[in-house]
Amino acid sequence: MFEVSHDLQVELTNADRAFALKAMIQRNTVKRDNGIPDRIVASPECSLFYDYRGLCGEIAVGKMLNLEPRQIFGFGGDGGYDFLWHDTKIDVKWTSYINGHLIINRNGSPDDVKADLYVLTSGNDMWVTIHGYATKQDIKQFGFIKNLGYGDNLVLTKDKLTDFRSLIEN
């Protein structure tokens, strides 16, 4: 038996990468200036790298939803979601692992799910893979608590994700 892939590949342009770098620096500066602690346990450079990769994922998803970068980004806290699309709150997550999971939050409570849709991405700054999405209801139904070494997390495996194309084809 083989697994059907819902993966969607999105190419980022030089302009996309430049915007991600600028946004990474601005977001990080605003967060630190406003006393928002860095939640990455590793070095500050590592934190910037994760911010950059996450921004690349947000840009890829935004491109597929026909959103311009300026429509996507705020430079402070995001309130639990990255952008609004047709009155739907969307939070984009990044994984560095081939078999990575969608990790929703760090306290592991399904009641703290703030977005309507969660999209899992991975890849690099040239090509981003959109693995699929899960609704708030999917998370509450299929999510499970897992400690990944830094506390309980609410997690959903990739096989429970819905093909991202179903959003953009409607």
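The values are calculated or read from the model by the stated rules, or taken from the named source; none is laboratory data. As the structure is a computational prediction, the values presented were derived from the model and not from experiment. We place every Cβ from the backbone using ideal geometry, glycine too, and count neighbours over all the protein chains shown.
Within segment 141-170, being of a type in the set (D, E, K, R) and modelled with pLDDT of 85 or more holds for LYS146, LYS158, ASP159, LYS160, ASP163, ARG165. Scanning segment 34-52 for residues that are at pLDDT below 75 and not in a helix (DSSP H, G or I) turns up ILE36, PRO37, ASP38, ARG39, ILE40, VAL41, ALA42, SER43. For the condition surrounded by 17 or more Cβ atoms within 10 Å (Cβ to Cβ), part of a helix (DSSP H, G or I) and modelled with pLDDT of 85 or more, LYS63 qualifies.
Taking the condition under 24 Å from ALA20 (Cα atoms), loosely packed, with under 15 Cβ neighbours inside 10 Å and at pLDDT below 90, does ILE104 pass? Here the answer is no, as ILE104 does not meet what is asked.
In this entry, THR88 passes the filter for residues that are more than 9 Å from the chain's Cα centre (by Cα) and either surrounded by 21 or more Cβ atoms within 10 Å (Cβ to Cβ) or at pLDDT 90 or above (or both). Residue count for segment 112-131, restricted to those that are loosely packed, with under 15 Cβ neighbours inside 10 Å and part of a strand (DSSP E or B): 1.
Pairs meeting the criteria (first residue in segment 28-39 and closer than 19 Å to LEU55 by Cα, second residue modelled with pLDDT under 75 and surrounded by 11 or more Cβ atoms within 10 Å (Cβ to Cβ), beta carbons under 6 Å, at least 6 apart or on different chains) are VAL30/PHE75; VAL30/GLY76; ASP38/SER47.
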